[in-house]
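Right, one structure below, let's go through it.
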Amino acid sequence: MDSLPDAVVQYILSSLTNAKDVASCNCVSKKFKDSMPYITSLYFPRSIFDHLSHGQTPDGIVMKMISSTSRLEELVVYCRFTAIGLASWLLLVSPSLKNLELRMDDLVDQNTPIDCPSKLECVQVARNLESLKLWGVLMVRAPKWDVFHKLTILEIVGAKLKDAVLTEVLRSTPNVTNLVLLKCEGLRNVWIELLELKHSKLDFYGLGSCSLTLRAPKIESLEVQGCSWIRVRETNCLKNLSIANNDGRVYMVDFGKLTMLESLSIRGVQWCWDAISKMLQFATEVKHLYMKIEFTGDFEALLPFPEINFVDFFKSHPKLTSFDIHGAMFAALCHKNSLKNVDSSFVIPSLEEVVITVRSPLNAEQKMSTLEAMVKFANKLKKMKIKILQMRSGHCSADDFFEEICKFRFMNHKLISIE
């Protein structure tokens, strides 16, 4: 290292981010210590200050390290800190700071006096932020933020907040293009209006009964978990859509035209059939379709899917390239009238890969006919995987059905695999 030019040493050491490594390098030599101001990113792990002594405080140590840098662009703090400490750090580095990630611990530490600025309000000091990521936030009142004009990435994970507070936070970040809200609790009616938003992942924690209205004309990728009512009318740019509700029902979906949609995933225990059929009608241009919904039904009763015509389904989704279906949807395609009068010119033009999860051996003859039809009419098919790991095997016909699947695989061993 002594034979390297100072500029090369500075370039190498400027790649350090872990605060413990940076502190260690300060003790190596004067050349190493003189390179520390060139560090652009600092990361303080969760347990870095677990064994402090001699009156040292996390706030003081973080302040000392930050003050040794000349142009800090990224600060990640997972260790404990106070609002006063955070305000002093950000005041020092705000002109250059672009990325800020904080583990707030508000949900376990709620002792901040009401008349003192909260940690969340202290973030206002860093006016030039481009990315803000917050963990464990308690938002009982809206932070007094001005507008973050440069902020394009906002992530909030593990938060308790109210509808009105979220609305105020998003008003302060009008130019966000990437929005992530994960395990957010306390929301009921969510209204999001972000005209520059392109990618969003929304996970609402609770009973799965939230309603979501999203206005984002540039949205390209959207993932939603935990909503029963979803309205997204401006969808001209939407390419990837995922909707799931593991704890409640999906009652209503209202989307605009999904002409650009390439990938659709819909999952959950129970969806109203109107919501399922609407999604399939909206997504006629989809290339990749994943369906794992156990039951339908508008109320408490869990009902099977109604019959779906095999030919009509694939004719209405001509661009479908990969299709992953769970037991309920597969059973709906396997009714006796589905393949009665198939036109000789019928083909499934684009299908290349199919994954089918079989949950029941009932109606085995029709299920085998449907599997055979997929192989016969999908002239571009390259791979079919049949999953039977979760099949209910107590029924007397299970062994016979499995034997038929094995024969089917043997006849099409280049295409078909059994899991």
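The values are calculated or read from the model by the stated rules, or taken from the named source; none is laboratory data. Treat the numbers as computed from the prediction; the structure is a model and nothing was measured. Positions of Cβ are backbone-derived with ideal geometry, glycine not excepted, and every protein chain shown enters the neighbour counts. To get the accessible areas, we keep the full protein, side chains included, count just its heavy atoms, and leave off ligands, DNA and RNA. Shrake-Rupley method; radii C 1.70, N 1.55, O 1.52, S 1.80 Å.
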### Summary
For residue 355, the residues 5 or more places away or on another chain with a placed amide H closer than 5 Å to its own amide H are 323, 324, 325, 385
### the chain: angle of helix 58-67 to the longest principal axis, Cα-based, in degrees nearest 10
80 degrees
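What number comes out for accessible area per residue over the range 181-224 if the probe is 1.4 Å? Units Å², please.
About 46 Å² of surface per residue is accessible.
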### Task
Mind giving me the FRET efficiency for residue 4 and residue 73? R0 is 30 Å, r the Cβ-Cβ distance, nearest 0.05 is fine.
0.80
### Query
In µm²/s, what is D for the range 247-344 at 37 °C and 0.692 mPa s, where D = kT/(6 pi eta Rh) by Stokes-Einstein and Rh is the Kirkwood radius from Cα pairs?
233 µm²/s
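Of all the stretches in the chain, which is the longest one without any exposed loop site, taking trypsin sites (Lys or Arg not before Pro) in a DSSP loop (any state but H, G, I, E, B) with at most 10 other Cβ atoms within 10 Å?
Numbers: sites that count: 340, 414.
With a cap of 10 other Cβ atoms within 10 Å, the longest stretch comes to 1-339.
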### Message
Computed from the coordinates I sent, percent of Cα pairs over 39 Å apart equals one of [x] 35; [y] 19; [z] 40. Tell me the label.
### Response
[z]
### Nearest-10 value in Å² for the accessible area of residue 417, using the 1.4 Å probe
40 Å²
### Summary
Nearest-0.05 FRET efficiency for residue 140 and residue 11 at R0 = 45 Å, using Cβ-Cβ distance, is 0.45
#### Entry: Neighbourhood net charge (10 Å Cβ-Cβ; Lys/Arg +1, Asp/Glu -1) for residue 328
+1
### Query
Can you pull the accessible area of residue 161 for me, 1.4 Å probe, Å² to the nearest 10?
10 Å²
### Task
Rounded to the nearest 0.05, what FRET efficiency do residue 201 and residue 50 give with R0 = 45 Å and r taken as the Cβ-Cβ distance? Could you check?
0.90
### Query
How much mean residue ellipticity at 222 nm does the chain get from its helices, if each DSSP H run of length 4 or more adds -39500 (n - 2.57) and you divide by all residues, to the nearest 500 deg cm²/dmol?
-7000 deg cm²/dmol
### Task
Compute the signed sum of charges (Lys and Arg +1, Asp and Glu -1) over the other residues within less than 12 Å, Cβ to Cβ, of residue 373.
+2
### Task
Subtract the Cα-Cα distance of residue 403 and residue 365 from 0.36 nm times their separation in residues, and report this length gain in nm to one decimal.
12.5 nm
## Note on the structure
For residue 210, other-chain or 5+-apart residues with amide H closer than 5 Å (H placed, Pro excluded) are 228
### Query
How many nm is it between the label spots at residue 396 and residue 167, if each spot is 7 Å from the Cα in line with the beta carbon?
6.3 nm
#### Entry: Beta bridges per DSSP with both ends in the range 205-358, % antiparallel, nearest 5
5 percent
